[in-house]
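Report on the structure given below.
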Amino acid sequence: MSHEADPGHDADRAVEFMLHDHEEAVRLLERIVENLAASTSEENPELRRDLRDFIEHTRAHFNREESLMKEVGYPPLPVHKQEHDQRLEELVSFLDDLDAGVVSLNELRELFMGRFLPWYRRHCATMDAATEKFVKGQGRGSEPS
Ligand SMILES: [Fe+2]
Ligand SMILES: [Fe+2]
């Protein structure tokens, strides 16, 4: 059987973007963490740019994951999507609050390092891993025995 017709192989390919996206997210997150650690003032255009880059990447990534879940009929899609929506909204409001001057750099540091970052890691290790397993399992499940 050629690889093109192998459902297990197709399932592996369908989830490949997750790995690449998560690697890119780690790279973008590292920039934010370094910037937050080095910053001494709220006036930090690089930090805003890094946060905006991460938000843009994350929005596109969440859309890709949600499309995949829809495509394969993943039952916990609403729960997974709800986490995406909530956390993305929270992240956007961090940035808005920083722009509006209603949070200090220290507060942003606490929100980002203490809340967002641990959530992101946990989400990848649990919900994303479960989604990946389901998609791969579907591919294997439809393979002739
Ligand atoms: Fe993800
Ligand atoms: Fe996700």
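All of the numbers you see were taken from the coordinates with simple rules; none came from a lab. Nothing here was measured: the structure is a model prediction, and the numbers come from that model. So basically every Cβ, Gly included, is an ideal-geometry build from the backbone, and we count neighbours across all protein chains shown.
Some points to look at:
- Computed over the chain, the per-residue total of -39500 (n - 2.57) for DSSP H runs of n ≥ 4 gives a 222 nm mean residue ellipticity of -25500 deg cm²/dmol, rounded to 500.
- Net charge of neighbours whose Cβ lies under 15 Å from the Cβ of L68, counting Lys and Arg as +1 and Asp and Glu as -1: -3
- In the chain, the longest principal axis of the Cα atoms and the axis of helix 45-72 are about 20 degrees apart.
- What you get for segment 3-141, charging only the Cβ of Lys and Arg (+1) and of Asp and Glu (-1), is a dipole of about 420 debye around the Cα centre.
- Normalised convex hull volume, the chain, alpha-carbon set, Å³ per residue: 103
- Length released on extending from E83 to R59, taking residue separation times 0.36 nm less the Cα-Cα span: 7.4 nm
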